[in-house]
Structure formats: structure tokens, C-alpha cells
Amino acid sequence: MPKISGHTQLLGVIGDPIAHTLSPAMHNAALEHLGLNYVYVPFGVKSQQLGVAIAGLDALNVVGFNVTIPHKETILPYLADVSDLAQQVGAVNTVYRSEKGWVGTNTDVHGFLAPLRQQSYPWSEIAVLVLGYGGAARAVVTACYDLGCRQIYISGRQGERLEAFVASWPQITLHPLPWSERATCLENVSLVVNTTPIGMSPHTSATPLTAEDLAKLPATAIVYDLIYKPRPTLLLQLAMARGLQTFDGLAMLLHQGAAALEYWIGQPAPTAIMATALETALGREK
Ligand code: NAP
């Protein structure tokens, strides 16, 4: 625990529910390691209190904060400025101060890309399948486009919502696939991203794609599951058994957090310390 004094500065995360968050463990470990007199705390904020809470965070001189479900999209009107990236995604997960007031940005895109950027892969030539069309899928689509991917399939279980998601990206051509047809593109796909909660603890025996589905993928394909509880999910276990390269959601969580911290403290984040803190916190939950 940091020694709280009259000089202690405040960071935090707003969401509802918030008790499950791993962000305080990751950020407080980093702040302590850097010897900074800051503390990062979880704030449970109900949707109907969002505006009051944001004004309150300002009045209390909070330095910056993260935003999680259900406020990532609804926070936009309460901010003085929103980065181009966050506007493109349509969601904010990190807020910092400027002379104008609160500025919202999105570090989920950077977090998602961090492990992929280390691969030398012909991104502009490959096809991607994104499972799910929720908030995380918006960051994933933006990220894949940024990587250079131009053939992006998106699959979800409600036809109207799927069409609405596709229509919300006038600048990107997305290929919608009904949920029952999600495996039909796999022969051509080199990156599969699960953005649904299928397989998340406690439903660990569920998977959005079967071993039979994964058998259709090229041998060089990557399977990326945004879930980090459990590690690995059944989807990733099946992909590993097939010999495919896999990534889970912990690297995304880590790198979105590191990028957020850098906005607030203006210096490089100690990612190795943050990774250990996350793994310890996850281990404690088991
Ligand atoms: P969200 O906005 O609620 O979206 C979830 C999506 O999954 C929706 O498209 C939903 O479709 C779909 N879905 C849910 N159950 C389904 C099922 N049984 N069959 C087919 N589709 C289903 O949530 P989110 O914020 O995008 O988060 C999604 C996942 O990503 C969660 O597991 C979250 O923990 C993870 N995540 C991880 C990170 C990280 O840093 N690693 C960051 C963000 C999110 P309907 O709308 O039709 O229900």
C-alpha cells in the first residue's frame, strides 16, 4: 500500500459492476515501483449518476481515470474533447486532463495490437474473423484496419444488430456472417478474434468454435481470445492442440493499462511489474 499523505494524487476506474476489476492491482504496483505518490481506486458508478460522478472527479482533482462497462460509450457527451481514435471506435476507456477539461481516448486498440505488432505477418493480405459485435469488437475492428487488414468478417447472433454494426463503419468494408455461418470463412482466415464472453469463467466448457471448425484454418493462423479468465479458454486450448499460435486477453489488458498510465504520469509504464501484478491478482481469484 502507498503511504497516503496530503500530497497523494488520485487515479481510478469507473464502472458498474466494478468489484471484479484487476486494474487497481496493476496500476498500484506500477505506481509503487516508480515511487510515485499516487493511488488508483475503483469507483462503482451507476449509469444515472455518470454526469455527477465525472463532475465530482474533476472537483476532487482526480488526475485521470479509466472507464469500463457500461460507461465506455455513454461518457462521450460528458467530455470536453475526444481523440480521433476514440471517435472512430465510438468508445472511451481512458480519460486525462487538458486545459479544456476532460479528454477521452481509447487505449484498448493499442492493447489489442501489442502482441500482434510483434509478429511479422502480411497483415494486408490476410482475412480476419471477428466473433461478436459489442464494444470490444469495435476496438478490434479499428485495430485490424490499422494493422492493414482489409478483409474483415464479422459474425454475431442477432441479424439486425450485426447489420447495424456493419453500417456504423462507412469507412471500412466489413463482411457480415450470420452466427450459424461463422465457420464458413475459416479456410481463408488467418486471424480469428473472439470478442464474445463465450468460454469465460464460470462457463469454461463453452467455445465459439469447435475443434472441427478450427481444423479448417490455415496452419499459420492466429487465434486471439479477449477473455483472460480462464487462461487459456477452451477455444485457445483447442487452437493450441491444433498447433496454432494463440493470444489471450491478458496482454490486451496489460497494454491498454500501460498506455493509460503513460497519459497520466508522462513517463514509460513498467510493463513487466504490471504483468506480474495482474498474474498474481488473477491467481488470487482462482
Ligand atoms: P459487449 O459489448 O457486451 O459485447 C459482447 C458481444 O458478445 C455481443 O456482440 C454479444 O451479442 C455477443 N455474445 C454474448 N453472448 C453470446 C453468445 N452466447 N453467442 C453469440 N454471441 C454472444 O462486451 P464487450 O465489452 O465487447 O466485451 C466482450 C468480451 O471481451 C468480454 O469477455 C470481455 O471480458 C472481453 N474484453 C477483454 C478486454 C481485455 O482487455 N482483455 C477488453 C475488453 C473486453 P448480443 O449483443 O447479441 O448478446
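The values are calculated or read from the model by the stated rules, or taken from the named source; none is laboratory data. Not measured: the values here are computed from a predicted model. Reconstructed Cβ throughout: ideal geometry from the backbone, glycine too, with neighbour counts over all protein chains shown. The accessibility values were calculated without ligands, DNA or RNA, using every heavy atom of the protein model including side chains. Shrake-Rupley method; radii C 1.70, N 1.55, O 1.52, S 1.80 Å.
Annotations
- For region 165-262, the Rg and Dmax computed from alpha carbons only, in angstrom: 14.5, 43
- Rounded to 10°, Cα long-axis angle of helix 271-285 versus longest principal axis of the chain: 80 degrees
- Accessible solvent surface per residue of the chain, calculated while the other protein chains remain in place, 1.4 angstrom probe, Å²: 46 Å²
- Averaging 1/r over every pair of different alpha carbons in region 5-67 and inverting the result gives a Kirkwood radius of 12.2 Å.
- Hydrodynamic radius of region 57-190 per Kirkwood, over alpha carbon pairs, in Å: 16.1 Å
- Within straight-line cross-link reach of residue 3, aspartates and glutamates at Cα separation under 12 Å, skipping those fewer than 8 residues along the same chain: 32
- Exposure of residue 84 as accessible area (Å², to 10), given a probe of 1.4 Å and all protein chains: 130 Å²
- For residue 100, a cut-off of 29 angstrom between C-alpha atoms picks up these lysines, skipping any fewer than 8 places away in its own chain: 46, 72.
- Environment charge at residue 237 (Cβ cut-off 12 Å; Lys +1, Arg +1, Asp -1, Glu -1): 0
- Debye-sum result for region 135-207 in log10 I(q)/I(0), which assumes one identical scatterer on each alpha carbon, at q = 0.23 Å⁻¹: -1.20
- Computed [θ] at 222 nm, helices only, for the chain once each DSSP H run of length n ≥ 4 contributes -39500 (n - 2.57): -11000 deg cm²/dmol
- Sequence-ordered 3J(HN,Hα) estimates for region 71-76 from the Karplus curve with 6.51, -1.76 and 1.60 and θ = phi - 60° stand at 9, 4, 9, 6, 6, 3 Hz, glycine and proline given as x.
- Share antiparallel - DSSP beta bridges, region 1-133, percent rounded to 5: 40 percent
- Which of 178, 241, 282, positive extreme of dipole for region 162-286 (C-beta unit charges): 282
- Carbon/sulfur fraction of accessible area - the chain, other protein chains in place, 1.4 Å, %: 53 percent
- Isolated Cys residues of the chain, judged by Cβ distance under 4.7 Å to other cysteines: 185
- Binning all Cα-Cα separations of the chain at 10 Å, short to long from zero, yields these whole-percent fractions: 6, 28, 34, 23, 8, 1, 0.
- Put simply, the C-alpha atoms of region 46-89 give a gyration tensor, and the ellipsoid matching it has half-axes of 18, 13, 9 Å, longest first.
- Secondary structure note: in the chain, about 20% of the DSSP beta bridges are antiparallel.
- Helix 50-59 and the longest principal axis of the C-alpha atoms of the chain enclose an angle of approximately 40°.
- Candidate aspartates and glutamates - alpha carbon under 20 Å from residue 229, same-chain residues fewer than 8 apart omitted: 16, 108, 248, 279, 285
- Stokes-Einstein diffusion coefficient of region 211-286, Kirkwood radius over Cα pairs, 4 °C, 1.567 mPa s, in µm²/s: 93 µm²/s
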